[in-house]
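*Asks:* One structure, pasted below without further comment.
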Amino acid sequence: MSAWVLPDHIADVLPSEARHIEELRRDLLDTARGYGYELVMPPLLEHLESLLTGTGEALDLQTFKLVDRLSGRMMGLRADTTPQVARIDAHLLNRQGVARLCYCGPVLHALPDRPHATREPLQFGAEIYGHAGLEADLEALALARDCLAAAQVEGIIIDLGHARIVRSLLAGVLADADQLGRVHAALAAKDASELAALTRSFPSTSREGLQTLLRLYGDAQVLAEARRSLPPSHELHGALDQLEWLARHLQDVKVSFDLADLRGYAYYSGARFAVYAPHANDALVRGGRYDEVGAVFGRNRPAVGFSLDLRQIVGVVPPRPLRAAIRAPWNDAADLRAAIVALRRAGETVVRMLPGHDSEIDEFHCDRELVSRDGQWLVQPI
């Protein structure tokens, strides 16, 4: 095998895509800052027990593991940043009021999480800690929408669900974590035959309710049908009430519901959302409420947020135009150097032509040049 061949689902990012990703990263962080979110930068690796405790099997399977040569302890390369931000909120900030935190950095996946996906996403996320009301959920949705608008994603659909709906149907069911994980996968895949086989030993009320969930997706009529056809409980109706409240506050965007979709990590505890767009083969954003994510760190306080992969988004939006640049000659004249410094300080890109070479650049369009006229260096169109 050639030394330059990279592992499967790992790739270099070349200039055009890299510029788009970096500009988008700045746009999203600025958008989050406009809402009052503070930037944090968790480390790429941590002790495994800190990284994975309480996060569920799915995150464990996605995590690369290695031994720390300094301590001999097992370490993990993060596959998701949310547990790290929960640790920061619980132990380093330890605030009593609301904390709004955002982040943007690489994560590593042991396996691609969708067809043709990279195993090295660049994850951006924003999270609110300390407020249990739906106002925080709505703010997370609003920020997610504004982030996608900044990325020039159009025609989005927000798909809503709720973790407590399935939880209400499984109350009292005796099943191990592996079986429950397979039930969740069958629900997400709408696989009626697999679901029937997995729930054969469940109480009839739970079994029939789970089968009913498979057809509970679509527009707002889904919520009314759920009230009629699912086994009634306080937990179920509370979850449906929350989804109705969120939908009422999302009048200016298309909203759908999928009450069986539990895709994502196991720490979600309440309302969940995914944002889809034309030409994307999977959700561009996933988020929701995860009030229990900080429990393992000793602070089980309310939390809600979302995350997205910048590399995925760049792949489904039009490329950004090239940056305009100024072409400048190469010589040692002090006045030329001073003119170039002044232009660069003013925010211009100035590309100097090295002696005997043309500049081969893909990311800048030299639409102007620096020329000497009557003893002065002037910028003129090419």
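The values are calculated or read from the model by the stated rules, or taken from the named source; none is laboratory data. Note that this is a predicted model, so its numbers are computed, not measured. Methodologically, a virtual Cβ is constructed for each residue, glycine included, from the backbone with ideal geometry; neighbour enumeration extends over all protein chains shown. Ligands, DNA and RNA are stripped out before the accessible areas are found, and what is left, the full protein with its side chains, is counted by its heavy atoms. Shrake-Rupley method; radii C 1.70, N 1.55, O 1.52, S 1.80 Å.
*Asks:* Please specify each residue of the range 195-213 satisfying the condition of being open to solvent by less than 20 Å² (accessible area, probe 1.4 Å) and assigned to a loop (DSSP other than H, G, I, E, B).
*Replies:* Thr199, Phe202
*Asks:* Enumerate the pairs (first residue in the range 169-190 and over 22 Å from Phe257 (Cβ atoms); second residue anywhere and hydroxyl-bearing (Ser, Thr, Tyr)) with beta-carbon separation below 8 Å, excluding pairs fewer than 6 apart on the same chain, so at least 6 apart or on different chains.
*Replies:* Gly172/Ser206; Val173/Ser206
*Asks:* Could you list, in sequence order, the residues of the range 214-247 that are crowded, with 17+ Cβ neighbours inside 10 Å and assigned to a helix (DSSP H, G or I)?
*Replies:* Residues satisfying the conditions are Val222, Leu223, Ala226, Leu236, Ala239, Leu240, Gln242, Leu243, Leu246, Ala247.
*Asks:* Can we say Ala283 is of a type in the set (A, V, I, L, M), crowded, with 18+ Cβ neighbours inside 10 Å and not in a loop (DSSP other than H, G, I, E, B)?
*Replies:* The answer is no for Ala283.
*Asks:* Same structure again: I'd like the residue in the range 147-180 that is open to solvent by 40 Å² or more (accessible area, probe 1.4 Å) and small (Gly, Ala, Ser) and, out of all such residues, is modelled with the lowest pLDDT.
*Replies:* Residue satisfying both the conditions and the ranking: Ala177.
*Asks:* Given the condition among the polar types (S, T, N, Q) and farther than 17 Å from Val317 by Cβ, answer yes or no: does some residue in the range 36-53 qualify?
*Replies:* Yes, the conditions are met somewhere in the range 36-53.
*Asks:* Hey, can you tell me all the residues within the range 350-370 that are open to solvent by less than 60 Å² (accessible area, probe 1.4 Å), touching a strand residue (DSSP E or B) at 6+ places or on another chain (Cβ under 6 Å) and of a type outside the set (Gly, Ala, Ser)?
*Replies:* Scanning the range 350-370 gives Val350, Val351, Arg352, Cys366, Asp367, Arg368, Glu369, Leu370.
*Asks:* Within the range 123-145, track down each residue that is assigned to a helix (DSSP H, G or I) and either among the aromatic types (Phe, Trp, Tyr) or within 20 Å of Val40 (Cα to Cα) (or both).
*Replies:* Hits for the range 123-145 are Ala136, Glu139, Ala140, Leu143, Ala144.
*Asks:* Condition first: among the polar types (S, T, N, Q), within 27 Å of Ala280 (Cβ to Cβ) and touching a Gly at 6+ places or on another chain (Cβ under 8 Å). Now tell me which residues in the range 71-117 satisfy that. Quick ask: steps written out before the conclusion?
*Replies:* Restricting attention to the range 71-117, the residues satisfying the condition of being among the polar types (S, T, N, Q) are 71, 81-82, 84, 94, 96.
Then keep just the ones that are within 27 Å of Ala280 (Cβ to Cβ); that gives 81-82, 84.
Those that are among the polar types (S, T, N, Q), within 27 Å of Ala280 (Cβ to Cβ) and touching a Gly at 6+ places or on another chain (Cβ under 8 Å): Thr81, Thr82.
*Asks:* So, in the range 353-373, exactly how many residues are of a type in the set (D, E, K, R), outside any loop (DSSP other than H, G, I, E, B) and closer than 21 Å to Pro321 by Cα?
*Replies:* The qualifying residues number 3.
*Asks:* Here's another thing I want to ask about it. Looking only at the range 303-333, how many residues end up being open to solvent by 30 Å² or more (accessible area, probe 1.4 Å) and assigned to a loop (DSSP other than H, G, I, E, B)?
*Replies:* Total meeting the criteria: 12.
*Asks:* For the range 334-349, enumerate the residues that are open to solvent by 40 Å² or more (accessible area, probe 1.4 Å), part of a loop (DSSP other than H, G, I, E, B) and not hydrophobic (A, V, I, L, M, F, W, C). I'd like the intermediate steps shown before the answer.
*Replies:* Taking the range 334-349 first, the residues open to solvent by 40 Å² or more (accessible area, probe 1.4 Å) are 334-335, 337-338, 341-342, 344-348.
From what is left, the residues that are part of a loop (DSSP other than H, G, I, E, B) are 346-348.
Residues satisfying the conditions are Gly347, Glu348.
*Asks:* Next up: Output the residues belonging to the range 256-280 that are basic (Lys, Arg) and crowded, with 22+ Cβ neighbours inside 10 Å. Walk me through how you get there before you give the answer.
*Replies:* First, the residues of the range 256-280 that are basic (Lys, Arg): 263, 272.
Across the range 256-280, the qualifying residue is only Arg272.
*Asks:* From the set of residues in the range 286-302 that are closer than 24 Å to Leu108 by Cα and among the aliphatic types (A, V, I, L, M), which is surrounded by the fewest Cβ atoms within 10 Å (Cβ to Cβ)?
*Replies:* Applying the filter and picking the extreme gives Val296.
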